[in-house]
Amino acid sequence: MQRRHFITLLGGTAVGWPLAVRAQQGERMRRIGVLLPATADDARFQAFVGAFLQELQSLGWSIGRNVNIDTRWATANASEVRKQAAELAALSPDVILAHGSATVGPVLQATRTVPIVFPIAGDPVGSGFVDSLARPGGNATGFMNFEFSMGGKWLELLKQIAPGVMRVAVLRDTTIPSGNAVFGAIQAVASSLRVEVTPVNVREAGEIERSLAAFAHASSGGLIVTGSAPAYVYRDLIVTLAARHRLPAVYYERFFVAGGGLISYGPDFIDQYRRAAGYVDRILKGEKPGDLPVQTPTKFELVINLKTARALGLTVPPSVLAQANEVIE
């Protein structure tokens, strides 16, 4: 999707469309709120929302004809997220699309009646967003980032690509349930792979920098970066520190590897946003979010940066290269 066309779509609110255009089909106008923990110029989130809007269109929802979109770019600032969540809820939209645990929580605090769909959430049960995955029961439903067993897969990949690694720092966010749960999954397989794992909290830049510098004083170290809002905010710093301390690192999403990281394995979030559009469509047509089960990812992608591998003196095994969805030279 071209950037100009995408921005036009994002701007498609009721204010921007003549009454005659909206009324000519005689359809009921619906309203979707979108709350994102990013800035409007964030290319990653632009791609996510672009996929969401395209899928909505394929399902028969046309901006200005039968649906309007109120998009709020709340940044990753917690107070701004809460403010924007309250403002969106006050508009009483037909449904709100909210990205990630740090965004879904504030929306649920603002409303327990407006349906909420999350394209990405770490642990919706542990976070209290839903009663269960099969029967959410409340006003929220959507799609998980990954199952916790993914943590073991990350450690296995790290050992495959860097067999000399014996110590692994795991960046996690302890303020979300998935942070501890994924770390537990990594711990569960660490002994069988003869690896010692060390938790590193991701709260602010200085803490990350000090913790990784201390960890890197000893040899044979590696790094796993688990999914969280702080990890995304400090993504450039984390990739830079991994290179500086020569730590082979596995990340949860492609954009780290595109920015110089070594390897990533995780769900295709573009696909998650398309699937979320399907849930929004079903809610707009009368289904209740509490009756729509929370789903796990169905599409995953493995991305490898060979330039980074060479800089670390690593040779990627052919068996790992053969599994890659994308190889960055």
Simple label model, 7 Å out from Cα along Cβ direction - SER220 to ALA40, nm: 5.3 nm
Please report the antiparallel percentage of DSSP beta bridges with both residues in the chain, rounded to the nearest 5. 10 percent
Acute angle (nearest 10 degrees) that the helix 101-110 long axis makes with the longest principal axis of the chain, alpha-carbon atoms: 30 degrees
So how exposed is ASP291, as accessible area in Å² (1.4 Å probe, rounded to 10)? 80 Å²
Counting only protein heavy atoms and using a 1.4 Å probe, what share of the accessible area of the chain belongs to carbon plus sulfur, as a whole percent? 51 percent
Per residue of the range 33-41, in order, report the coupling 6.51 cos²θ - 1.76 cosθ + 1.60 (Karplus, θ = phi - 60°) as ³J(HN,Hα) in whole Hz, putting x for Gly and Pro. x, 10, 10, 10, x, 7, 8, 5, 9
Helix-only mean residue ellipticity at 222 nm, the chain, DSSP H runs n ≥ 4 weighted -39,500 (n - 2.57), per residue, nearest 500. What is it? -12000 deg cm²/dmol
When only Cα pairs under 8 Å and 6 or more residues apart are kept, what is the percent relative contact order across the chain? 17 percent
Report the gain in length on full extension from PHE300 to LYS83: 0.36 nm times residue separation, minus Cα-Cα distance, nm rounded to one decimal. 74.8 nm
Compute the long axis of helix 205-215 from its Cα atoms, compare it with the longest principal axis of the Cα atoms of the chain, and write down the angle in degrees, 0 to 90, nearest 10. 30 degrees
Report, to two decimal places, the Cα Rg of the range 96-168 normalised by 2.2 N^0.38 Å (N = number of residues). 1.45
Ignoring ligands, DNA and RNA, what accessible area per residue does the chain give at 1.4 Å, in Å²? 42 Å²
Per residue convex hull volume, Cα atoms of the chain, in Å³: 127 Å³
Can you check how the C-alpha radius of gyration of the range 150-208 compares to 2.2 N^0.38 Å, as a plain ratio? 1.13
Find the lysine pairs in the chain meeting two conditions, Cα atoms under 27 Å apart and a separation of 8 or more places or different chains, and report how many there are. 8
So between ARG135 and THR175, what do we pick up on full extension, going 0.36 nm a residue minus the alpha carbon distance? 11.9 nm
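The values are calculated or read from the model by the stated rules, or taken from the named source; none is laboratory data. What you see is a predicted model, and the numbers here were worked out from it, not measured in a lab. As a convention, Cβ positions derive from the backbone with ideal geometry for all residues, glycine included, and neighbour counts pool all protein chains shown. Accessible surface is based on the protein model in full, side chains and every heavy atom, while ligands, DNA and RNA are left aside. Shrake-Rupley method; radii C 1.70, N 1.55, O 1.52, S 1.80 Å.
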